[in-house]
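The values are calculated or read from the model by the stated rules, or taken from the named source; none is laboratory data. Bear in mind the structure is a predicted one, so any value in this text is a computation, not a measurement. Quick reminder, even Gly has a Cβ in these numbers, built from the backbone with ideal geometry, and neighbours come from all protein chains shown. Areas reflect the complete protein model, heavy atoms only, side chains present, ligands, DNA and RNA absent. Shrake-Rupley method; radii C 1.70, N 1.55, O 1.52, S 1.80 Å.
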Amino acid sequence: MCSISASMINIYTIGDLQIGKVVWKVRRSMRNSSGWILGTLLFLGGFFFVHVAASSPRSHRLLAQDAVEIKMVKNGVVLDNKLVQLTFSNPGGDVVGIRYGGIDNLLEINNNEDDRGYWDVVWNNPGETKNTQYRIQGTQFKVITERPDQVEVSFISTYNAKLQRGVTVPVNVDRRYIMQQGRSGFYTYAIFERLEGWPGGDMEQVRVAYKLHQAKFRYMALSDTRQRFMPTDDDRARGRPLAFKEAVLLNNKTSNPEFEGEVDDKYQYSADDKDIKVHGWISIDDQSPPVGFWMITPSAEFRMGGPFKQDLTSHVGPTCLTGFASHHYVGKEVGLTFQDGEVWKKVFGPVFIYLNSAARNSANSPSTIRTLWNNAKDQMLEEVKSWPYNFISSQDFPSSDQRGSVSGQLLVHDRYIGSLPRTSLAYVGLAAPGEVGSWQRESKGYQFWTQTDEKGYFLIENIRPGNYNLYASVPGIVGDYKYEVDITIEPGSKIQLASITYKPPRTGPTLWEIGIPDRTAAEFYIPDPFPTLMNKLYKGSRLDKFRQYGLWARYYERYPNNDLIYRVGASNYSEDWFYAQVTRSVGNGRYVGTTWQIQFELKNVVNPGNYTLQLALASTTYAELQVRVNNLNAKPPLFSTGLIGDDNAIARLGIHGLYWLWSIDVPSTLLREGSNTIYLTQSRDGNSPFHGVMYDYIRLEGPSEKP
């Protein structure tokens, strides 16, 4: 038996559409279940739909006949909770069908069954340069949990060490799926494990992806400002590939005239991992009600590379995915590289695939899109609040009472600008023990990050047991922080640190500076896109302007004959410092390095004395940056990075990749009173316009002053 009690009723209007909201409670009276379920009943244009927000995932028990069922069918397995029906291949474990909201299959029915909903990896054997993509296929099916309120199933792929090397990936994969009663969606996660004695290699990518029904899912939403109707995969197929295969110029044969002449590139829809929490698609057509398909990632603990690592989200296909590990925006030096015999285990996920719907007659209403998107964001917040889930049936996923926490206060002290207790929104995190800043290259373990409040206080919760270092990155402050003491987390531990102080790199007073130390090149000059190579989603956007295709080529227009010259005191870095130092085309597919100049005045030079150039890079790709002072032809240069970087952020339309920092000694004998010039030469030539660097921040410091 159930009784319903409404505690609040609101009716309001958007345009000509009435929207109502009823906050309600259902009193449950069922065997082994009692209590209240809280939720909202939305009134939308004469129709109602329900969003349930229960006290815990296990409390979604509405009616006995709505219990989760598992059915064995020919070559498949079906999970059904009366809201959603999932069909899997058996024992392969691919999601071949998702029935919801009056649509028989949300996935692309014209694709092969192993190309609809799948987990995959990209693997390289040692010494090989060719990537091999493996769609993970199970060889064994198991029912892990079967209750009226929850079913968890497993598809297991087991590595056969007796097979010829390279036939399969040397890793066991246990893919899990969870369906719960009364929930319009499902969870998925996977346990990856390598055993002793197995061959090594590089795992460049781990992800879970869903390819949706192309004729229905046409509207994509990544954030409040990044959403629109999208072209189709067929539109891309008819378009013209540009400098790399991911970028396509759409022609006049698109499914919608508004896409004609646009560039579509999946990297235009990337985001930092810290910002990838919910994204997806909305199905809008005349045959079925509007349906939202959302990928919700409530935690980034299982992702590699820290909070600023970038990855793909949703893109034309329509494709909706979560990347757990990849070389995107970091390069091959940051990947899952295993030595022969190396033992390893990691849990990726869970993530929640959430489905919602609205009334059919509101299909083309902007308010319907907004309602579905806002509901998805609300659900994301519920999932984040519920993390770590306590319903996972794996000993490899610690529940909340098996985890620990670390709290403290982060301060910054720079004797030339004083103590800065206002380390507001600094990023503080735990990652595998390593050197300062090593967390951005770490991939095999787990990371736990938070942001400080306005006084620098932080609390990192729900940390898996293990050994860690504590790291920090402070916006507006150059460099990285590492706490000098290792931290061991045990189940239930609550570690309270005393105030900790970061002393950033500094040898003397600031003589001049260029940029903002924030690990990105976003504050520098970003040109307007070519009118014929524009993505209209970002038209007029200052925040996302860097996501437009082809901006690197605007350097040649701005500096057709000579390279960039920046004059300290006269130039403005937001207008006069190009966002990327790229190579210059000399024809016949050849590109040569470029040399930028920083010209500045010194009234007097302390001699003898050492000056310091703080040089921070936001991205590098097959580049070598050489620094010279007042002599362009000096050999050797004062400083050289050597060949560094593979993050490809210029081509992938990112504004940052991996972060690099050097404190370069500049002897006073190289400086002179009056006019001085620092030459920054990216010396690597080649056959690509994408070899280059992005700067984060440059500062020249005078000799140290006595306290």
#### Entry: Under 26 Å from Lys74, Cα to Cα: lysines that are on another chain or at least 8 residues apart
Lys82, Lys142, Lys211
## Note on the structure
Expressed in nanometres to one decimal, the distance between label points 7 Å along Cα→Cβ at Ala432 and Trp344 is 0.7 nm
### Message
Out of the total accessible area of the chain (probe 1.4 Å, heavy atoms of protein only), what percent is carbon and sulfur?
### Response
48 percent
#### Entry: Asp401, Asp264, ranked by accessible area, largest first (probe 1.4 Å)
Asp401, Asp264
### Per residue, in Å², the accessible surface of region 255-369 once ligands and nucleic acids are set aside, probe 1.4 Å
25 Å²
### Task
Mind checking the full-extension length gain between Gln597 and Glu490? Use 0.36 nm per residue of separation minus the Cα-Cα distance, one decimal, nm.
33.2 nm
### Message
Tell me the per residue accessible area of region 470-511 using a 1.4 Å probe; a whole number in Å² is fine.
### Response
49 Å²
### Task
Which order do the peptides 241-250, 485-494, 641-650 take when ranked by the mean count of other beta-carbon atoms within 10 Å per residue, highest first?
641-650, 241-250, 485-494
### Message
Given points 7 Å out from each Cα along the Cα-Cβ axis, report the Thr132 to Asp120 separation in nanometres with one decimal.
### Response
1.5 nm
#### Entry: For region 533-543, Karplus couplings with θ = phi - 60° (6.51, -1.76, 1.60), whole Hz, Gly/Pro x
9, 10, 9, 5, 4, 9, 4, x, 8, 7, 5
### Task
For every helix of n ≥ 4 consecutive DSSP H residues, a contribution of -39,500 (n - 2.57) applies; sum these over the chain, divide by its total residues, and give [θ] at 222 nm rounded to the nearest 500 deg cm²/dmol.
-1500 deg cm²/dmol
### Query
Which of the peptides 69-82, 209-222 is most tightly packed, and how do the rest follow, going by the mean number of other Cβ atoms within 10 Å of each residue?
209-222, 69-82
### Task
Report, in degrees rounded to the nearest 10, the 0 to 90 angle that the Cα long axis of helix 366-386 makes with the longest principal axis of the chain.
80 degrees
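Give Lys216/Lys253; Lys455/Lys545; Lys266/Lys346 a once-over and call out the pairs whose C-alpha atoms are over 24 Å from each other. It would help to have the intermediate numbers written out before the result.
Details: Lys216/Lys253 19 Å; Lys455/Lys545 32 Å; Lys266/Lys346 28 Å.
Lys455/Lys545; Lys266/Lys346, as the Cα separations exceed 24 Å there.
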### Query
Could you state the number of Å between the C-alpha centres of region 524-581 and region 352-404?
38 Å
### For region 422-444 and region 656-707, distance of Cα centres in Å
25 Å
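I need the calculated FRET efficiency for the pair Gln395 and Lys536, taking r as the beta carbon distance and R₀ as 51 Å, to the nearest 0.05.
Rounded to the nearest 0.05, the efficiency is 0.55.
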### Query
Efficiency by 1/(1 + (r/R0)^6): what FRET value for Asn604 and Arg360, r their Cβ-Cβ distance, R0 = 60 Å, to the nearest 0.05?
0.20
### Query
Suppose R0 equals 30 Å; then what is the FRET efficiency for Ser683 and Ala553 from their Cβ-Cβ distance, rounded to the nearest 0.05?
0.90
### Message
Could you sort the peptides 96-108, 295-307 by per-residue average Cβ neighbour count (10 Å cutoff), highest mean leading?
### Response
295-307, 96-108
### Summary
Counting only DSSP beta bridges fully inside the chain, the antiparallel percentage to nearest 5 is 95 percent
### Query
How far apart, in nm, are the 7 Å Cα→Cβ label points at Asp234 and Ser499?
6.5 nm
### Query
Tell me, in nm to one decimal, what length is gained between Ala161 and Tyr457 on full extension, where the rule is 0.36 nm per residue of separation less the Cα-Cα distance?
101.6 nm
